[in-house]
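The structure appears right after this line, and notes come after that.
The values are calculated or read from the model by the stated rules, or taken from the named source; none is laboratory data. What you see is a predicted model, and the numbers here were worked out from it, not measured in a lab. Please note that ligands, DNA and RNA were not included when accessible areas were found on the heavy atoms of the full protein model with its side chains. Shrake-Rupley method; radii C 1.70, N 1.55, O 1.52, S 1.80 Å.
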Amino acid sequence: MTELFTQFINLLGAVLLLLAFAMITQRRVLSLIHLFTMQGATLVASTAVVGYVTQQPHLYVSAGITFVLKVLVIPILLHRVIDRLQVRWDLESLINIPTTMLIGILLVIFAFNLALPIAQLSSTISRGSLGIALACVLLSFLMMITRAKAVPQVIAFLSMENGLFFAATSATYGMPMVVELGIALDVLIGVLILGVFMFQIREQFDSLDIRNLERLKED
């Protein structure tokens, strides 16, 4: 029975990785938010399954917090931001999509090779998920550095946190509850601050292109 749940957790991890890969190739901001919401739902499911298998009730609380924040609150906030800013498309990328996909594949291979020695030493039920989590983090970082607009970079930052949270729950059975609550609060406050930051960029430059910030340094 445990083996079945282990395979299910790895399956959810694979879904999380596929969603992260889809995000780096996505040009539409609205679709990015939808993919992020699906990532959050996948993270909720994996956390709940690990909590059930390991009989750790605090993981159910973590799953509940993740559901409220990453499936409900943050997507709603992001939808309101793009509605007010009238942003639907992010056509500009610093690297074209085929090249980004190739780099993404190389990062996934690198992540699995890097995590393999560590995973072999692990005794958790889902030790194979460490490579998936690292790959998700690297793909999110790739999206963050290849997008020219602020909104996709915020979503990439949140997706990176999803990968770290997946590693914490599946590979180490979660962090202490106080730490998880603190991280959840930090993420929510970070989204609010970044929302204000995006409004300020739009008000000053009538654009969300972060390269406009170079003008501030020149001034």
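By how many nm would the segment from Q55 to V73 lengthen if fully extended, with 0.36 nm per residue of separation less the alpha-carbon distance?
Details: separation 18, 0.36 × 18 = 6.48 nm, distance 2.78 nm.
Once the chain is fully extended between Q55 and V73, it gains 3.7 nm.
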The stretch 1-120: C-alpha gyration tensor shape, a/c 1.5 cut-off, then a/b vs b/c:
oblate
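Given a cut-off of under 8 Å on Cα pairs at least six residues apart, what relative contact order in percent is computed for the stretch 1-102? Let's see the in-between values first.
Values: 82 pairs, mean separation 35.3, N = 102.
Result for the stretch 1-102 is 35 percent.
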I'd like the accessible area for I65: 1.4 Å probe, protein heavy atoms, all chains in place, Å² to the nearest 10.
40
Amide H contacts under 5 Å for R28, restricted to residues at least 5 apart in sequence or on another chain and with H modeled in the peptide plane, are D90
